[in-house]
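See structure below.
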Amino acid sequence: MSELYAPETFLQVVLVTGVIGGGAALLAGRAISSTWRSYWYVIAYMLLLGAGVRFLHLALFMGDILSLPSYLVDTLYLLAVGSVAFRMTRARQMARQYPWLYEQTGPFSWRERRPQA
């Protein structure tokens, strides 16, 4: 970790990437799903959000903004959080929007409703 975030402490990385960036990724993933956009928007927005998180590392703690490994680690984390939020929201949407067609089978999945026998 010392090579990825050289001038920063673990707590600073958790605050910026984990809390601020993760919260933004969670809200973005939910918003993308709730507006019925495709998953590709999550990927595009998390790439941009990763750049924003790198800027926050620079602005708040004098971190290295041009560190490609740090950007990739931050972006992968944001992509994971955004993807989870997207999929959970989409599963809930499908079950609530089309209750006669689908039922939610778990936090990330749904299936076609079986006819009542």
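Observations, loosely collected:
- Compared with the dominant principal axis of the Cα atoms in the chain, helix 22-34 is inclined by about 30°.
- The chain, helix-only ellipticity at 222 nm - DSSP H runs n ≥ 4, -39,500 (n - 2.57), divided by all residues, nearest 500: -20000 deg cm²/dmol
- Normalised by residue count, segment 1-59 yields a Cα convex hull volume of 75 Å³ per residue.
- Considering only Cα atoms, the convex hull volume of segment 29-117 works out to 91 Å³ per residue.
- Highest-fluctuation residue, 52, 29, 21 considered, GNM on the chain with Cα pairs under 10 Å: 52
- Segments 73-83, 57-67 sorted - mean Cβ within 10 Å per residue, highest first: 73-83, 57-67
- Between residue 68 and residue 55, the simple spin-label model (points 7 angstrom out along Cα→Cβ) gives 2.2 nm.
- Inter-part distance where segment 44-117 and segment 1-20 are each reduced to a Cα centre, Å: 21
- With Cα atoms, 0 to 90° folded angle of helix 68-97 axis to the chain main axis: 20
- Angle between the chain longest axis and helix 40-61 axis [Cα atoms, degrees, rounded to 10]: 30
- For the chain, modelled as a GNM whose springs connect Cα atoms under 10 angstrom apart, the maximal fluctuation among 37, 87, 54 occurs at 37.
- Stretchable slack from residue 4 to residue 43, in nm (0.36 nm times residue separation minus alpha-carbon distance): 11.8 nm
- Dipole of the chain computed with +1 at Lys/Arg Cβ and -1 at Asp/Glu Cβ about the Cα centre; of 81, 35, 68, farthest Cα towards the positive end is 35.
Here, each number is a calculation from the coordinates, and none is a lab measurement. What you are looking at is a predicted structure, and each value in this text was computed from that prediction instead of being measured. Note that we place each Cβ from the backbone using ideal geometry, even for glycine, and neighbour counts take in every protein chain shown.
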